[in-house]
Every structure is written in C-alpha cells, then in structure tokens.
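A quick write-up on the structure given underneath.
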Amino acid sequence: MNWTWFHKFGSPKWFFQWADKWGKLIFYIGIALFLVGLVLGLGFAPEDYQQGNSVRIIYIHVPAAMLAQSCYLALGVAGIVFMVWQMKMAPIFMKAMAPIGAVMAFLALMSGAIWGKPTWGTWWVWDARLTSVLILFLMYLGIVAIQNSFDDTKLADKAAAIIAIIGLINLPIIKYSVEWWNSLHQPATFVIGEKPSMPSEMWVPLLFSVLGFYCIVTALVCWRMQTELLIRERRASWVKKEVTKHGV
Amino acid sequence: MTYLSFLKSELLAVFYRKQDTINALAFFLIVITLFPLGVNPSADFLEPAAGGIVWCAASLAILLSVESLFKEDFNDGSLEQLIASGLYLPITILIKLVIQWCAVIVPLLLLIPLFSQMLFLPWSIVHVLIFTLLLGSPALFLVGTIGAALTVSLKRGAVLVLLIILPFYLPVIIFATGAISAAQAGQDYSGQLAILGAISLLSLALSPGMSAVSIKASMN
Amino acid sequence: MQSTLTLSVSNLLIERAERLLCKDLSFEIHAGEIVHIVGENGAGKSSLLKVIAGVLSPLEGELFFAGERITAHRDVLQAQLCYLGHLAGVKSSFTVIENLALHFPAATEVQILAALRSVNIEKYATTPAYQLSAGQQKRIGLARLWLTNKKVWLLDEPFTALDTKGVTVLEEKLQQHAELGGMTLLTTHQKLNSTLHARELSLDS
C-alpha cells in the first residue's frame, strides 16, 4: 500500500493548502446532504406508528450521537499516533476536534431530551445509552479542560493525548458497565452490516443527514486546524507568505 | 539512591504526613454524613443506598489524596533527583502508590464496620463491601496517579484532576455497588468482584508506565 | 581506567516552552576537568544540566559517555552521576540526616556527620529541614558531594546562599574532585577561583 498520502497530511504546509482548496467544497456538500436529508425526512418520511411526528428528531439526534462517538474514537487514535510516532499534526487535529465532539455530544443529549418528553413523558431518563453519551460529554470536557490548562503547548498536547488514550481504552469498559447497569432504551437505530428495521423512506433521509453531518464536521475540523496551524507555525516562512497573500 | 532507601524515605514521608491520612478519613466521614442529612435519615433509604454512598465517598477521598502524590516532590526538586537517580521510574511510582494505598485504605477498612452501621448496612453484607474496596480501590489509585502525574506542574490542579479522572472511575463504582446490591438481594456477586479485580489488573499494567511518561513530560 | 571517562555532547538542540535555547551545541569534557557554563539569564544553563542528567530530553543531538551512546537511556551515566539542581530535593519534613540517608543508604552515621561538619551544619543533624535557613538547606544538598563516590558532578548554582567561607570550602572540594579524576560541570554567576583552572563554556550565540 502506498502511504505517501498519509505522510503528506503530516506536512503542515501541504495540509493547510489542501484544506484551503477542499474545505469549502466539503462543507457545501455536507450542507446539501443534510438539507436533502431534512427535506426528505421532515416532508416525505412516514410517521412512526407509535411515536407519531416526534420521531423526526432522529434526523438530528442520530447523526449527532454517531459523531460524538466517532470523534472520540478519532481523538484516541490521534493520541496514539502522537505518542508513538510523534506526528506533529496529531495534537493539532485533537485540539480542533475535541470541542466539536463536545458540541456533538451536547447536541445528542439535548435532542434526546426533546425527543424523550413526548415519547417517555420525561426530559431525562437514566437509561444506558443516554448515560453513556453523558459520560462521553464529560470526557470531552475533561480533554478540552486539559488542553487549555497548560501554558506549555507541548505538555498540553501530551497530556491530552494520554487522557484520550486512556479514554479510548476505557470507552468499551464504560459502555459495557453502563449497559450492564441499566438498559431500557430502544436498540440501536443503525447497525452496520444489518438491514435497518425501519422502512427505507425513513432510513434513506437519515443516511443523508448522517453523511451531511460527517462532511460538515470534517470541514469545521479542517478550518479549526488551519487556525491552530497559523498560530503554531507563525514563525515559518510559508505562514508569512500565506498571511500576506490575503492582504493583512 | 536505591529502591530500598527510596521505600524507606517514602514510609518516613507518610509517617510525617499523618495528617493527610486523617484528613482523607475525615473527608470520607463528612461526605457520608451529607447523605442522611441531605436526603433521608431513615433506614429504608440508607440501607439500599449504603454501598453507593460509601463508594462515592471513597472515590472522592482517594482521588483527592492521590492528586497531591507528586506535588511536594515536584516543588522541592525530589522528583528531578528521582529521575536522575537511574532508578526505573515506573517501579518507584508503584512503590509510592503502594505506600499511599496502605496509608489510606487500611485505616479506611478498619473504620468501615463503624461507617456501615451508620448507614444501616446489615452485618452480613459488610464483608462484601470490604471485598469490593480491596479489589476495586487499586484501580482508583492507579488511574488517579496518571492524572496526578499529568498535572504535577500546575499550581492548582485538583479540580482538573477530578474532572478528567472521575469518568474513568465510573465502571469501578458501578461494579462495586452492583456487587453490594447483589449481595443484599441474596444473589451471587463473585462475577462483579472478578470484574473489579480485572479492572485493577488492567490499570496495574498500564498506569505506572503512563504515569512515568506523564511525569517526564511535566519536567521543565 | 578513570582517565578514559569522557562525556561528549554533539549537535544538541534544546527547546523550552517553544523557545529555542541552544542549537548545534557540541563539547567534550574529560576526567579531571571543571567546566563552567556561562551565559545570560535564560540562556539555557540549567536546562543543559537537566538534559545531561536525563531530566529533560533534547530535541536533537547525541550524548556519549565513556564511549557509549546514552541519548535514549542514561543508565551508564546515571550510575556515575551526582546531580544537584537549582532545588536539591531537600524534603522539608525530614531531618538533615534523613535527607542524606535517602541518597546514601550505605553510609554510616559517622560518615554523614563528617560530611555535615565539612559544610558546617553538623549541629543541625537531627533538626527538621524546614527549620533551617535557605543557605543551610542548600548545604544539605552540597553535603552529598562529601559522601558521594560518583565521578560526574552536575551542579546548578552551587554557590548561591553560601557565605565566603562556604564558597572557599566548596571550591577546595571541587579542586580535590578534579585531582581524583572526577569531572564537574557547573553554572554560577560568581567568578571562580583561578586555581581551579575552570574551562568556560559559553551558551551565548
């Protein structure tokens, strides 16, 4: 397998220019996918025979919950990449990703609460999956806190990476323990490799909005990484060239 | 410096800092007192909640006592000396931790029969509570050490350590209280105890090395 | 064999808090030498000692001791190392003797007391360190030089908080160490006595 593309992402300059070129495109694709998902989901998908129209919030809830988990996975993997290979871009990626992951977890919790009110009759239920997302949210807050607590960037990077790695190891243990502790939530909406249990008019828009969310988050992470890169590499000549190009 | 002389000086340090142990126990007692006063002093509430209350109080007391594990050594230069001594850092961290564990957990276990009576935990269950503390608390100490090592260079790191480490304590708390409620319901609780032991062993495998890396990163 | 002891550093690059302290630093120290590191405040004198001691890691460069590469693992050097940092690791709750016993478990009480006499704090042997003044606490760390048989001394500002008599005693000890084939690397803002024949190593570029 050819790994040059991977090494290219390790070069700050190359990444910056790549993100400059593709960031906007990815963002617009994401917005378009999400809008298609919303229009299909809100306008054309059938009502749930039990939950009625309130089920339509899954077009926000499910993608947010999926991203909250994927983002933490990505944080953990980036932490390992940084601690093992000392790759310079990994902590920049983590710095850009952590607050977005926190926002996604928060969004999942809020939309879950709004969905819970008409469905269960309460805003909050201490069931396994809601609790897992809540813990995930707290773990994000921990990483963001540690990233912002040190004056020394190097130490902050290492500390965040170590906590993300421990989190990655802990995630399955926490998930298993919380599930063991209590479960009255409905089973997962999407399981990869299984045919979804809902009609295609419902899951096709969901798929659109999930993909849209992924694209939007990718673009946001790229932009945040660009900002972080400009700050960290401010003494590099390519940054000076890049900044003067925009007439500042 | 040798491992033995380090062990001796750590024992001496714990002896000089007896007040820290007393503080941890007093803190534990205060947290326990909060529940009857703040929620409900009747046996109907306290008996089923006793395991959870003891474990919440223990987690906080342990994390607060571990948080300052390296602070003094960092501030007076002992940590530098330890790194430059050529001793294997993960082993010295483990020595420190075992001593700290003995200093906090042993007195706590001796007081548990008393505390459990204040919470109306039946005598037949007290030994289960002690088993969960014996098997589960090493994991709390080991994971907390990583947080202490990461924040050693911060002037005020206690809240940060609580924020980053407490989520990792949840599985231990869940299985420990699970074992106690299983015992209260007359069910088998050996599975939960085994999981607690497994989590402690996993922490033992990972924590000393990660703490050593964290301490080295904090030196400057 | 001691005459072959050489510590060499090549192309060292040290950074601290994103600030470049030194670049392409190379030097060699042989047995019997005293090297005085000079430089402005913040030039990286303490950091250099810490890098050699293994407390910090250099970003680039190599270190060799007695012919072995020690860049990644300092054990060969640390077995021969006495490092006294800016803070010498004096535990304030310990008595003076207890502080030294940590570093020299094999030393007898007579030996420790003799060392304390050399640095003039013998009468405080059983006093807790927190009751002593800054200068006296500094001497607890320095007393280790009279007890150690290590060959490589890294001393960060050993003369601060010492009175004139203390300075003379320490300079004599350094002289004696050099004559016995030991090497010393030290930082100080003080002018060293010319009889020490200290070689200056400048960190200012």
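Here, each number is a calculation from the coordinates, and none is a lab measurement. Predicted model, so just to flag it, every value in this text is computed and none were measured. All Cβ positions, glycine included, derive from the backbone under ideal geometry; neighbour counts span all protein chains shown.
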| task | Please give the average number of partner chain Cβ atoms lying within 10 Å of the Cβ of each residue in B:79-91, rounded to a whole number. | result | 6
| Volume of the Cα convex hull of chain C, divided per residue and given in Å³ | 124 Å³
| Over the stretch C:88-149, equivalent-ellipsoid semi-axes from the Cα gyration tensor in Å | 16, 12, 11
| remark: Candidates B:LEU133, B:LEU82, B:LEU63; GNM for chain B (alpha-carbon contacts under 10 Å) flags as most fluctuating B:LEU82
| When chain B is treated as a GNM, springs tying every alpha-carbon pair under 10 Å, which of B:PHE70, B:PHE175, B:PHE35 comes out with the largest mean-square fluctuation? | B:PHE35
| message | Which residue, C:LEU25, B:ILE99, B:SER85, has the largest displacement toward the positive end of the dipole of the protein assembly as shown when charges sit on each Cβ (Lys, Arg +1; Asp, Glu -1)? | response | C:LEU25
| How long is the protein assembly as shown along each principal axis, judged by its Cα atoms, biggest number first, in Å? | 97, 75, 41
| remark: In whole Å, largest first, the alpha carbons of the stretch A:23-243 cover along the principal axes 61, 41, 31
| field | Unit Cα scatterers, Debye sum, chain B: log10 I(q)/I(0) for q = 0.09, 0.10, 0.12, 0.17 Å⁻¹ | value | -0.37, -0.46, -0.64, -1.18
| field | Pairs beyond 21 Å (Cα-Cα), from A:LYS24/A:LYS245; A:LYS154/C:LYS91; A:LYS95/C:LYS23 | value | A:LYS154/C:LYS91; A:LYS95/C:LYS23
| Mind listing P(r) for the stretch A:1-66? All alpha-carbon pairs, 5 Å bins, whole percents. | 3, 14, 14, 15, 12, 10, 10, 8, 7, 5, 1
| task | Throw me the Rg/Rh for the stretch A:39-88, computed over C-alpha atoms with Kirkwood Rh, two decimals. | result | 1.35
| query | Using the Cα atoms of the stretch C:129-205 to build a convex hull, what is its mean projected area in square nanometres? | reply | 5.9 nm²
| task | Take every Cα-Cα distance within the stretch B:154-208, group them into 5 Å bins from 0 onward, and report for each bin the whole-number percent of pairs it holds. | result | 4, 18, 19, 18, 16, 12, 7, 4, 2, 1
| field | Cα-centre dipole for the stretch B:3-218 with unit charges at Cβ (Lys and Arg positive, Asp and Glu negative), debye to 20 | value | 360 debye
| Sites excluded, GluC sites (Glu not before Pro) in DSSP loops with at most 13 other C-beta within 10 Å, longest stretch of chain A | A:48-193
| request: Would you mind estimating how fast the stretch A:39-122 diffuses translationally, via Stokes-Einstein at 25 °C and 0.890 mPa s with the Kirkwood radius over Cα pairs, in µm²/s? | output: 167 µm²/s
